[in-house]
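The values are calculated or read from the model by the stated rules, or taken from the named source; none is laboratory data. These figures come from a predicted structure and were not determined experimentally. Cβ atoms come from the backbone with ideal geometry, glycine included; neighbour counts cover every protein chain shown.
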C-alpha cells in the first residue's frame, strides 16, 4: 500500500512538472488553417440526415445525423462545425461509443482517442439550427451559402470537402419536399408524411439544400430527362405563359453547356423551386435550384428585356452545374470564378435565342454601370480577394464579382482568342471534374494553350483594384490629324496599366470612321488615325468593349446613331460628371433631352435610372424645384404612341419622381383606374408599389389607398408582405420609429428583401428629417447584420439606409462611425465606403 501511494505521488508530481500540452483554442468560423488541416485528415464523407418538421413553425425541428468518413491521420482531434448553441446538441456517439459533447466556439471537438484510422461513424442527435432554415407558415427552404450549412447541422463546412448526402424529411402530410436527390418513397405517419431520398451526387456543403411546403407542382420532360418544378404562384395567366418556357430554357442551357464544355450534364437530376421571398435571383443548389418567384413568372406581354433577363438567370444557374458544382473553388477567395463563368456562359447560351436583341449593348448596359458603381469608390477591391476565415466569405460578394469579372473575362477571350479560350475551359473541366480548383490552375492551362502571357495579364485585371482613366492628346495640321495619343493611369493612383481593346469612332458629316485600338502601355499612339481629316466629334469606346473613364468629347449622346456607342456615351457622361468634369444640373438636362427621344429600352432604362439618381441624391431640394415639370414631361411622353416596353420604363420613372402635386394626381388616377396610358399593362406588384409611393408622397388619401390596395391583393404571400410593410409607410413618425427599432432583433430581419424595401420607405429622401436619427443604429447593427444575414444583405442594409442620404449631417455620422471603428471588418468597411461614395462626392461638389 505504501509503495502504491509512493508511485501515485511520484506520478502526480511528474504530471505537475510535465502537464499535458493545452490544445490551441479553435477560432470561430472556419479558418483557412483549419480547412487545410481537415482536408488532409478526412475524406469519403457521407451525411445521413433526418429532419422532423412540425406544422407549427415556432416549434423546434428535431434532427439526427450519421456521418461516415475516412480518417487519414490521428495527429489531432477531429473538428466538426456547428454554429449553434451547445444546448442544441443532445447526443454524440462515435464508433458505437457515447462520447461527452465538447462544443467550443461554433465547433464540436471529437477526441482523436475516439477515432480509428480508416472508416469511422459519428452519430449526433440535435435540434436543427434556425439561422438559415427560412421558415414560413406554409413552407421553408434552406440557403447555406457560403458557410451556413453549419448553422443547420454539424458538418465539415468548407468547399473542398465534398460529400454525398442521404436525406429523410418528415413533414405535414400536404407538404411537398424537394432536395438534390430523387425521392425514393414516402410513408404516412399520422398527420405527417416521411419522405425518403436516395443518395445525392458529390457536392460541397454550401450546395446542399431542401425545400418543403405547400407548393403546386409540375413535372415535364423538355428533352433530356423529366424535371420537377415547385411554385406558389396563383396567377393562372402567368403560370400558363411561363411554365413551358421555364422548362425549355433549362434544356437549352443544358444542351449548350454539354457541347461547349465537352462534358455531359454531371448530376442525377435537374429540379427547381420558385420561392416568393427568396433573397437572391437564384441559387444553384445541385439538383434543386431555387429561384425568386417573380423572376420566373412573367405576363404573356412581358417585354423582351424581361424575358431575356429571366432566360439569362436560368442559364446562369444552370451554368453553375458545371462552373461551381462540378468544378468547385478550393477556398472562397475564388468564389468569383463560379459567378463570372455563370454570367459569361449565360450570355453565350441565350444570345442566339434572342436574335433581335443587341447583345453587345445588353452586355454593356448590364455590367458596366454596376461595375463602375463599386470600382470608382474608395471601397473597391480586386476581383480576387484574400480570405482568412470562411465566416467572412459573404462579404466578398458584390458587383466587382458579378459585373467587373465578366468584363474581364470578355477581354481575356479577346486577348487569347476564342478557340484557345474554349479549349482551355474544356481541359479545365476534364482535369478537375468532381474536384476543386483555383484561378491559378486555370491560368496555367491558358498559359500552356496560348502564346500570350496570361499570368501577367491576369495580375492587373484580377489581382488589382480600381479602373483606368484615359486621356487624349491630339494634334492637327491643315485640318488633318498629325498626332493622336492616348494615356492611361489608375484612378487610385497606383502604378498599373490595363491591357485592353476597344474602338474609337471619328465622326464626320456623312460617316463614322471606326478605329480599333489596343492599349498595352501607359502611352498608346493611335497610328491608324494619322493623316485622317479632323473629325467633327470623337466617340470613345465606340464598340463598348473598353473599361474605364474615357475623354468627354461627346456631351450630347442623343445624336449618336449606333446604339452601343450611344449607350456608352451616356455611361461615360455620368462617370465624368461624378468625377467633377461637368455640373450635375447640366448633365441632368442632357439626360432629360435623351429621355424625350430615346426609344431603345436598354438605353432608356439607363437614362431613367440616372435621372432618378441625380434628381434625388445630387440635387438639393431647391434645385429640384427647377425641375418640377419633370413629372409632367414624363406623362406627356407616355401619352405618345409608344410600345409597351417604353411605356413601362417611363411609368417606372414617373412613380419614382412623381412627388409633386401634379405627379401625385396623375399617379393616383392611374392607381384608381381613371387614367390608363395606352400600351401600359400593370400587375398587382406594380399597384402595390404605386400605393406605397403615394403614401410616402403624402397623398391626402394615402390611408384609404393602402387599405384598398390590401383588399385588392388575392395572393396570400403578397398580402402578407404588404401587411408587414405597412408600418414603414405610416404617416405617424412614432410608428415608423418603432418599426425601425424592431430591426434590432434578428428575428425581425429574417425576410431580407422585405426589410430592404421597408428601409427604403423609412429613409426615403422626403422623410430624412425624421429618419436620420436612425443612421447610427443602422451602422451599429452592421456587424450583426453580417453575422445573421445572407451574403448580399449587409450591403443592401447599408444601401437602403445610408445610401439614400445626401446631407452633410449624414456624412458626418458616417465619418464618425468609420473613425471610431478602426477594427471594423475590412470587407464591411469597404461596403460602407462603396455605399457612401455618392454621399462623399456630394460634399465635394
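Screening the candidates 550, 487 for the property of being in contact with a strand residue (DSSP E or B) (Cβ under 6 Å, 6 or more places away or on another chain) and crowded, with 18+ Cβ neighbours inside 10 Å yields one hit, 550. Does region 57-70 contain any residue that is within 24 Å of residue 183 (Cβ to Cβ) and either outside the structural domain of residue 209 (by TED's automatic domain parsing) or part of a loop (DSSP other than H, G, I, E, B) (or both)? Yes: one or more hits.
The set of residues in region 163-175 that are in a loop (DSSP other than H, G, I, E, B) and in contact with a strand residue (DSSP E or B) (Cβ under 6 Å, 6 or more places away or on another chain) comprises 173, 175. Inclusion of residue 790 among residues that are within 25 Å of the chain's Cα centre (by Cα), outside the structural domain of residue 150 (by TED's automatic domain parsing) and in a loop (DSSP other than H, G, I, E, B) is warranted. Of 552, 520, all but one fail to be over 30 Å from the mean Cα position of the chain (by Cα), within 21 Å of residue 367 (Cα to Cα), outside the structural domain of residue 400 (by TED's automatic domain parsing) and modelled with pLDDT under 95; the exception is 552.
With respect to (1) under 34 Å from the mean Cα position of the chain (by Cα); (2) at pLDDT below 95; (3) at negative phi, the lone exception for residue 578 is condition (2). Would you check if residue 247 is touching a strand residue (DSSP E or B) at 6+ places or on another chain (Cβ under 7 Å), over 30 Å from residue 750 (Cα atoms) and part of a helix (DSSP H, G or I)? Here the answer is yes, as residue 247 does meet what is asked. Yes or no: region 115-130 includes at least one residue that is surrounded by fewer than 21 Cβ atoms within 10 Å (Cβ to Cβ), assigned by TED's automatic domain parsing to the domain that holds residue 198 and at pLDDT below 95. Yes, some residue in region 115-130 is surrounded by fewer than 21 Cβ atoms within 10 Å (Cβ to Cβ), assigned by TED's automatic domain parsing to the domain that holds residue 198 and at pLDDT below 95. Within region 257-289, being surrounded by fewer than 20 Cβ atoms within 10 Å (Cβ to Cβ) and within 29 Å of residue 423 (Cβ to Cβ) holds for 258, 259, 260, 262, 263, 264, 265, 266, 267, 268. Across region 388-429, which residue is surrounded by the most Cβ atoms within 10 Å (Cβ to Cβ) among those that are over 18 Å from the mean Cα position of the chain (by Cα) and not in a helix (DSSP H, G or I)? Checked region 388-429; the qualifying residue surrounded by the most Cβ atoms within 10 Å (Cβ to Cβ) is 389.
Does region 256-273 contain at least one residue that is under 25 Å from the mean Cα position of the chain (by Cα), more than 25 Å from residue 164 (Cα to Cα) and outside the structural domain of residue 397 (by TED's automatic domain parsing)? Checking region 256-273: at least one residue is under 25 Å from the mean Cα position of the chain (by Cα), more than 25 Å from residue 164 (Cα to Cα) and outside the structural domain of residue 397 (by TED's automatic domain parsing). Taking every residue in region 736-761 that is over 15 Å from residue 136 (Cβ atoms) and pairing it with any residue that is modelled with pLDDT under 95, at least 6 positions away or on another chain, the pairs with Cβ-Cβ distances below 6 Å are 746/788. On inspection, residue 457 qualifies as more than 20 Å from the chain's Cα centre (by Cα), surrounded by 20 or more Cβ atoms within 10 Å (Cβ to Cβ) and in contact (Cβ under 8 Å) with a residue 12 or more places away in the chain.
For (1) more than 23 Å from residue 330 (Cα to Cα); (2) in contact with a helix residue (DSSP H, G or I) (Cβ under 7 Å, 6 or more places away or on another chain); (3) modelled with pLDDT of 95 or more, each residue gets a yes or a no:
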{"residue": "38", "(1), (2), (3)": "no, no, yes"}
{"residue": "80", "(1), (2), (3)": "no, no, yes"}
{"residue": "84", "(1), (2), (3)": "yes, yes, yes"}
{"residue": "94", "(1), (2), (3)": "yes, yes, yes"}
{"residue": "110", "(1), (2), (3)": "yes, no, yes"}
